[in-house]
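Chemist: Have a look at this one before I ask anything.
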Amino acid sequence: MSNCCQQQPVFDGASSAYKKALWWVIVINASLFIIEVIAGIAASSQALQADALDFLADSVTYAISLWAIGKAIHVRSNAALFKGYSLLILGLWVFGSTLYRVFVGATPEPVTMGSIGFLALAANVVSVLILLRFKDGDANVRSVWLCSRNDAIGNIAVIIAAMAVRGSQSRWPDLLVAGIMAGLFLSSAWQIIGQANNEKKAAQVHQHT
C-alpha cells in the first residue's frame, strides 16, 4: 500500500531508445545549422541567423545531454545548468544583435527566408516527434525537449515574418521575430536553470538525510 504513495522516479534519459533519438536529433540540428547560417547571411535575415545559431547551440547541448546520461545527479544538473546559461547568453546575443540591426541593416530577401524557414520547420517537426515521448524527465532531459519545441515555434515565426517582409517590403517583421525568439530563449533558459538548481538542492538534502 505504501508503494502507491511513493513518487515515480524522474526519467534521467538512461535508455537506448532515448540515446538513439538524441543521435538523430543531433544530426538533424547540425545539418540545419550549416544550411541556415549560409542562407541567413545570403538573405540578410536576422531571424534566420538567430535560428541558425539556435541549431548550433542545440547540437552542442544535445551532445552534452548524451554524455551526461547515466552520470550522477549533480553531473546531470550541472550539464543542464551549462545548457541553461548557454541559452541565456544566446538569447542576450540575439537581442543585442537585433537591436543593432534596428539602426544598421538591409531588408531581408523574403523568398530565401521563407523557403529555408519551411525546411527548418520540417526538420524541427521531425525532431519534436522523435522526442515527444521523452518530453518529461529531469532537467537534462527536459532541456532537450524545450530547445526542440522552441525551434519549431521559431521556424513558424520565421515563415510568418518572411511573408510579412514580402508584403510590406520592410525589415521590421524580421527584426520583430528575432526579438521574439530572443525572449523565447531567455524564458527557456530561466526554466532550465531553475529546474537544475532545484534538483541540485534536492540531491544535497537527500545526501544529508
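The values are calculated or read from the model by the stated rules, or taken from the named source; none is laboratory data. Source: prediction; values computed, not measured. Note: ideal-geometry Cβ built from the backbone for every residue, glycine included; neighbour counts use all protein chains shown.
Chemist: Going residue by residue through the range 38-53, is there one that turns out to be aliphatic (A, V, I, L, M), modelled with pLDDT of 85 or more and either surrounded by 19 or more Cβ atoms within 10 Å (Cβ to Cβ) or within 16 Å of the chain's Cα centre (by Cα) (or both)?
Modeler: yes
Chemist: L119 - would you say it is assigned to a helix (DSSP H, G or I) and within 29 Å of L176 (Cα to Cα)?
Modeler: Values: assigned to a helix (DSSP H, G or I): yes; within 29 Å of L176 (Cα to Cα): yes.
So L119 fits the description; yes.
Chemist: If I filter the range 65-76 for residues that are in a helix (DSSP H, G or I) and either closer than 23 Å to A162 by Cβ or among the acidic types (D, E) (or both), do I get at least one hit? Don't jump to the end; show me each part of the working.
Modeler: Narrowing the range 65-76 to residues in a helix (DSSP H, G or I): 65-68, 73-76.
After this cut, where a residue has to be either closer than 23 Å to A162 by Cβ or among the acidic types (D, E) (or both) as well, the list is none.
No, that holds for no residue.
Chemist: If you take the residues of the range 169-203 that are closer than 29 Å to V141 by Cβ and charged (D, E, K, R), which of them is surrounded by the most Cβ atoms within 10 Å (Cβ to Cβ)?
Modeler: E199
Chemist: Another question, if that's okay. Step by step: first the residues of the range 147-185, then only those that are part of a helix (DSSP H, G or I) and either touching a strand residue (DSSP E or B) at 6+ places or on another chain (Cβ under 6 Å) or hydroxyl-bearing (S, T, Y) (or both), then the one that is nearest to P108 (Cα to Cα). Which residue is that?
Modeler: Step one: list which residues in the range 147-185 are part of a helix (DSSP H, G or I), which gives 147-168, 172-185.
Going one step further and asking which of them are either touching a strand residue (DSSP E or B) at 6+ places or on another chain (Cβ under 6 Å) or hydroxyl-bearing (S, T, Y) (or both), we end up with 148, 168.
On the way: S148: 25, S168: 11 Å.
Per the stated criteria, the residue is S168.
Chemist: Condition (residue is hydrophobic (A, V, I, L, M, F, W, C), surrounded by 16 or more Cβ atoms within 10 Å (Cβ to Cβ) and over 18 Å from G13 (Cβ atoms)) applied to the range 129-143: is it met by at least one residue? Walk me through it before giving the result.
Modeler: As a first pass, look at the range 129-143 and keep what is hydrophobic (A, V, I, L, M, F, W, C): 129-132, 134, 139, 141.
So of that shortlist, the ones also surrounded by 16 or more Cβ atoms within 10 Å (Cβ to Cβ) come out as 130-131, 134, 139, 141.
Pick out the ones that are also over 18 Å from G13 (Cβ atoms) and you get none.
No, the range 129-143 has no match at all.
Chemist: Out of all the residues in the range 148-163, is one or more of a type outside the set (V, I, T), at pLDDT 80 or above, within 14 Å of the chain's Cα centre (by Cα) and surrounded by fewer than 16 Cβ atoms within 10 Å (Cβ to Cβ)?
Modeler: no
Chemist: Same structure again: Might you let me know whether the range 102-116 holds any residue that is assigned to a helix (DSSP H, G or I) and more than 24 Å from A30 (Cα to Cα)? Working first, answer last.
Modeler: Keep residues of the range 102-116 that are assigned to a helix (DSSP H, G or I), which gives 102-103, 110-116.
From what is left, the residues that are more than 24 Å from A30 (Cα to Cα) are 102-103.
There is at least one residue in the range 102-116 that is assigned to a helix (DSSP H, G or I) and more than 24 Å from A30 (Cα to Cα).
Chemist: Could you list, ordered by first residue, the pairs with Cβ atoms under 6 Å in which the first is in the range 157-184 and without any contact (Cβ under 8 Å) to a residue 12 or more places away in the chain and the second is part of a helix (DSSP H, G or I) and surrounded by 17 or more Cβ atoms within 10 Å (Cβ to Cβ), at least 6 apart or interchain?
Modeler: A164/P173
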